[in-house]
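The values are calculated or read from the model by the stated rules, or taken from the named source; none is laboratory data. Nothing here was measured: the structure is a model prediction, and the numbers come from that model. Note: ideal-geometry Cβ built from the backbone for every residue, glycine included; neighbour counts use all protein chains shown. Side chains are part of the model used for accessible areas, which takes the heavy atoms of the whole protein and leaves out ligands, DNA and RNA. Shrake-Rupley method; radii C 1.70, N 1.55, O 1.52, S 1.80 Å.
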Amino acid sequence: MLRSTTTGSSTTWDHGRRRQVLVESLLREIVNGSIRPGEHLVTQALARRFGVSHTPVREALIMLAGMGLVDAAPNRGSIVRRVTTREVREICQVRRALECEAVRLACGRIPTSDLVTLREGLLALIGVEEDHWVGGVTEARALDSRLHDLIASGSGNSFLVNELGRFSILFRTFRDVAWSHSESRNDYHRLDAEAREHLAVVEALLAGDRQAAVAAMARHIAAGVDYWSRALPEGASPPAEFEEELR
């Protein structure tokens, strides 16, 4: 059950936090197949389940509809859509457009000290033996989020920041659910590869090479499309031409 308060500014914060937790929880269940395509998400039932009022539930469902995960059905609640490999490809295309523009604008605007700290963290992850990766997963996820957040805020474009923020929950849910699928197979190769991709972006930003930074970001997004597809319940991989279109 989610906690609620009724005091001053904390009410606003808790309301936003409740909505975010609802979105993250429902999104994870949709992506990993716990909530199946075609299921109805009814506001009243979800409010009871999470112990909140109807308002944050309705707002969460609106956010999920905006991400393309549910369809609003008048008088029938929201219906969960099936996420296909084609839609993963299309999500990656949108992400590439947003992230590449953000890194283009952010080049030269991110504090060097922040980039140096990121580079040190990424270098510490590269080439780590698989036996030592378990403890590094949390750090890898934190560095991933930190880099993309720095690029977004460094872009200086508030509309772009808002769009990246709106989709970041979706991007990170695919990332984390995909990892939970691969973790059972002890597949740490993607984490190492991802650290190298992030490092290429950071090195280009440190060098002030806008073109190289954009190209490195595009490669990073393209490399993730197959990995993200592992998050789907059927675990299908997209056709090779999907990745080619992203390059």
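For segment 21-80, taking the residues that are outside any loop (DSSP other than H, G, I, E, B) and of a type in the set (Lys, Arg), the one that is least open to solvent (accessible area, probe 1.4 Å) is identified as Arg28.
For segment 81-123, a residue qualifies if it is farther than 29 Å from Val23 by Cα and either in a strand (DSSP E or B) or free of Cβ contacts under 8 Å to residues at least 12 places away in the same chain (or both), and the qualifying residues are Pro111, Ser113, Thr117, Glu120.
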